[in-house]
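J.: Could you have a look at this structure, given as structure tokens, before my questions?
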Amino acid sequence: MKNTIFKLLTILLMALTLTACGSSEDAGRGGPPMSVNEDGTSTFDTTNLLNTLAALPIEALSANEIASLAFMREEEKLAYDVYSQLNTLWGSQVRVFGNIAQSEASHTEAVRQLLIRYGLADPALNLQAGVYADASLQSLYTTLVGQGSASLVAALQVGAAIEEIDLLDIETALQIIDNQDIRMVYDNLAKGSRNHLRSFVKNLENQGVVYVPQHLSVTDYNAIVTTPTER
């Protein structure tokens, strides 16, 4: 009887320990690398991210992985730059641009930490807002800011489009990336983009507008917006 009670207490203690850690995956790391607010704003916690990265191996990089990291660093910077500009224009009416801009700052920083981890050059180093080494991103920034300056609804549609583009680019990147640490960061970037897409769609609904996906398939889009915020 005493042995049975002891075993039950041991099992209970183990369960409580895992619960306190959040999950077995995050045990010993101090928590998940990304936090999610009630409004869906998804932000990397730098300390937790670095702890998570430290637990993963540093693996050889392919040319595709090197190119992907450089592009993703600037693409996340573009999201931050566009949202910051749109927040200047429309922030008095909605909070979504300012909130998500803060998240995107942590997203581009997360990719920067991967560049540091692998000793790679940072293409965004010393570049001002709205300036990019990648010509395609430079053109995209100009187009998106121009569209988003027309009206609040147009700006919210730009926000949703950015998250769609990010999701497609991350999906493409994950097909050629096998390094565990890069995949972990990209998986979290994708979760953040799905949450932010939900937020922009909700804000458009508040404006009486039904958003129609511009880049994702209708099936993939509906699978995101008809499901709850991811934690």
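J.: Taking the C-alpha atoms of the chain, how large are the radius of gyration and the largest Cα-Cα span, Dmax, in Å?
T.: 19.9, 75
J.: Order by neighbour count: Val145, Val212, Val201, fewest other Cβ atoms within 10 Å first, most last.
T.: Val212, Val145, Val201
J.: Can I ask one more? Just to confirm my numbers, what's the Cα centroid distance between the range 160-211 and the range 69-94 in Å?
T.: Each part's Cα centre sits 14 Å from the other's.
J.: Here's another thing I want to ask about it. Would you mind checking the tilt of helix 180-206 against the longest principal axis of the Cα atoms of the chain, expressed as 0 to 90 degrees and rounded to 10?
T.: 60
J.: Quick check: residue separation of Ala55 and Thr142 times 0.36 nm, minus the Cα distance between them. What number comes out in nm? Present the calculation step by step, with values, prior to reporting the outcome.
T.: Values: separation 87, 0.36 × 87 = 31.32 nm, distance 3.95 nm.
Between Ala55 and Thr142, full extension yields 27.4 nm more.
J.: If you don't mind, another one. Taking the simple approach of a point 7 Å from Cα along Cα-to-Cβ for both Leu89 and Asp220, what is their distance in nm?
T.: The modelled label-to-label distance comes out at 2.6 nm.
J.: Let me ask something else about it. Cβ under 13 Å from Glu104's Cβ, Glu104 left aside: what net charge do those residues give with Lys, Arg +1 and Asp, Glu -1? Could the numbers behind the result be given before it?
T.: On the way: positive: Arg73, Lys77, Arg112; negative: Glu74, Glu75, Glu76, Asp81, Glu109, Glu163, Asp166.
Around Glu104, the charge tally is -4.
J.: Using only the alpha-carbon atoms of the range 52-141, report the extent along each of the three principal axes, biggest first, to the nearest angstrom.
T.: Extents along the principal axes, in whole Å: 47, 31, 20.
J.: A follow-up question, please. Leu127 to Arg231: FRET efficiency via 1/(1 + (r/R0)^6), r the Cβ-Cβ distance, R0 45 Å, to the nearest 0.05? All intermediate terms of the calculation are to be shown ahead of the outcome.
T.: Details: r = 33 Å, r/R0 = 0.74.
Computed FRET efficiency for Leu127 and Arg231 comes out at 0.85.
J.: Using 0.36 nm per residue of separation minus the Cα-Cα distance, give me the extension gain between Asp187 and Leu120 in nm, one decimal. Intermediate results must be reported in sequence, preceding the final value.
T.: Details: separation 67, 0.36 × 67 = 24.12 nm, distance 2.08 nm.
Value of the extension gain: 22.0 nm.
J.: With the contact rule set at Cα under 8 Å and sequence spacing of 6 or more, what percent relative contact order holds for the range 47-225? Spell out each step's value before the answer.
T.: Values: 175 pairs, mean separation 43.6, N = 179.
Relative contact order comes out at 24 percent.
All of the numbers you see were taken from the coordinates with simple rules; none came from a lab. On a predicted model such as this, the values are computed, not experimentally measured, just so you know. All Cβ positions, glycine included, derive from the backbone under ideal geometry; neighbour counts span all protein chains shown.
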